[in-house]
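Chemist: Pasting in a structure now, in structure tokens, and then I'll have a few things to ask.
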Amino acid sequence: MNTSVGNTARVLGAGLRALLVLTIVCGVLYPLAVTGIAQALFHDKANGSEIKDKSGHVVGSALIGQSYNLPKQNPNDPEEAAKPDLKWFQPRPSNGLGANSVNTQYALILSGATNKAADNPELVKLVEDAKAAVVADNSTAGHQVKPEDVPADAVTSSGSGLDPNISPEYAELQINRVAEKNGLSVKQVEKLVKDHTEGRQLGFMGEPRVNVLELNTALKALSKN
């Protein structure tokens with residue numbers, strides 16, 4: 001009997017020592033090592049790819065899209081449609097997100113797409129309405145936008161609804177309107193878009209893109225809004 005108790009005690013002791021060692025290695029040393037490497041080699045990405053304004057305040061993440069809308073006239077009315085603030089570059093639409101009951105300040109906190117087929121009448125109407133709005137919003141006294149010039153990403157949401165980027169074509173389509181609304185020259189805004197246009201990764205992966213948050217942050221610094 002004493003032998004049995006002794007064997008049990010040794011097994012329990014070995015198990016507890018193994019638990020302690022594995023806890024220290026896997027629960028303390030390994031996370032610290034991974035965190036240290038991430039902070040040393042990928043500091044920006046490890047901290048959420050934050051974007052800061054000219055004063056050093058964090059204005060968002062380069063990985064998550066934001067909306068740029070005017071304040072609602074009646075904040076308590078869930079049926080009131082949001083209207084875009086046309087002095088800013090606008091992101092892709094996010095109609096697939098629906099009502100956000102988690103955080104009403106940031107509509108893009110929920111991820112999702114429309115999940116509608118390309119020939120779905122509701123989706124077709126959404127695209128047609130979005131195209132008409134893009135044409136109307138971006139046409140100025142000296143520059144008329146043509147429906148055929150509206151790129152696909154201007155009227156469709158991404159799969160997640162959180163895409164932070166737009167195509168260079170959609171950014172260029174907005175230049176005249178942004179310049180007029182901010183009292184800037186078209187050339188100034190054209191240069192701003194050019195400076196914030198990123199090419200394909202490694203020269204062949206993905207598509208050229210413009211990060212809307214980075215672009216609007218630079219626009220704010222330029223126009224001093």
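The values are calculated or read from the model by the stated rules, or taken from the named source; none is laboratory data. What you are looking at is a predicted structure, and each value in this text was computed from that prediction instead of being measured. Here Cβ is always computed from backbone atoms with ideal geometry, including for glycine, and neighbour counts include all displayed protein chains.
Chemist: Determine whether Pro164 is of a type outside the set (Gly, Ala, Ser), within 29 Å of Thr114 (Cα to Cα) and either touching a Cys at 6+ places or on another chain (Cβ under 9 Å) or surrounded by fewer than 19 Cβ atoms within 10 Å (Cβ to Cβ) (or both).
Modeler: Taking the combined requirement at face value, the residue does not satisfy it.
Chemist: Shifting gears a bit: Surrounded by 11 or more Cβ atoms within 10 Å (Cβ to Cβ) and either within 30 Å of Ala46 (Cβ to Cβ) or at pLDDT below 85 (or both), is that true of Ala62?
Modeler: Yes, satisfied.
Chemist: Hey, among the residues in the range 202-216 that are surrounded by fewer than 15 Cβ atoms within 10 Å (Cβ to Cβ) and within 18 Å of the chain's Cα centre (by Cα), which one's modelled with the highest pLDDT?
Modeler: The residue in question is Pro208.
Chemist: Cβ contacts < 7 Å: first residue within 13 Å of Ser94 (Cα to Cα) and assigned by TED's automatic domain parsing to the domain that holds Ser158, restricted to the range 123-134; second residue of a type outside the set (S, T, N, Q) and modelled with pLDDT under 90, any location; separation 6+ or different chain. Result?
Modeler: Leu123/Lys116; Ala130/Pro93
Chemist: So, one more: If you take just the helices (runs of 4 or more DSSP H) that sit entirely in the range 170-225, which of them hold at least 3 residues that are without any contact (Cβ under 8 Å) to a residue 60 or more places away in the chain, of a type in the set (A, V, I, L, M) and more than 21 Å from Pro93 (Cβ to Cβ)?
Modeler: 186-195
Chemist: Looking at this structure, is Val212 closer than 24 Å to Gly48 by Cβ and in contact with a Phe, Trp or Tyr (Cβ under 8 Å, 6 or more places away or on another chain)?
Modeler: Spelling it out, Val212 is indeed closer than 24 Å to Gly48 by Cβ and in contact with a Phe, Trp or Tyr (Cβ under 8 Å, 6 or more places away or on another chain).
Chemist: May I ask you to verify whether Asp195 is farther than 26 Å from Lys224 by Cα, in the same structural domain as Tyr68 (by TED's automatic domain parsing) and of a type outside the set (A, V, I, L, M, F, W, C)?
Modeler: No, not satisfied.
Chemist: Among the residues of the range 105-153 satisfying the criterion of being among the basic types (Lys, Arg) and outside any helix (DSSP H, G or I), which is modelled with the highest pLDDT?
Modeler: The extreme case among them is Lys146.
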